[in-house]
1. For every helix of n ≥ 4 consecutive DSSP H residues, a contribution of -39,500 (n - 2.57) applies; sum these over the chain, divide by its total residues, and give [θ] at 222 nm rounded to the nearest 500 deg cm²/dmol.
2. Residue separation times 0.36 nm, minus the C-alpha to C-alpha distance between residue 8 and residue 35: what's the value?
3. Taking the structure as given and computing semi-axes √(5λ) of the Cα gyration tensor in Å, which label from (i) 24, 12, 9; (ii) 48, 4, 4; (iii) 23, 13, 6 fits?
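Every number here is computed from the coordinates shown, using simple stated rules; none is lab data. Every value quoted in this text rests on a predicted model; they were computed, and no experiment measured them.
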């Protein structure tokens, strides 16, 4: 699989990831051990008034 070595390539402090495809989010989450979400969540997080 193209994602077989993904976990070893991520920085140790990486704890979230973003993608524009739900099926990619699922595969990336499974192979990396971290939670991947839709890029929409990142945009929302960055644009909410504080």
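1. Calculated from helices alone, the mean residue ellipticity at 222 nm is -13000 deg cm²/dmol.
2. 8.2 nm
3. Computed from the coordinates, semi-axes √(5λ) of the Cα gyration tensor in Å corresponds to (iii).
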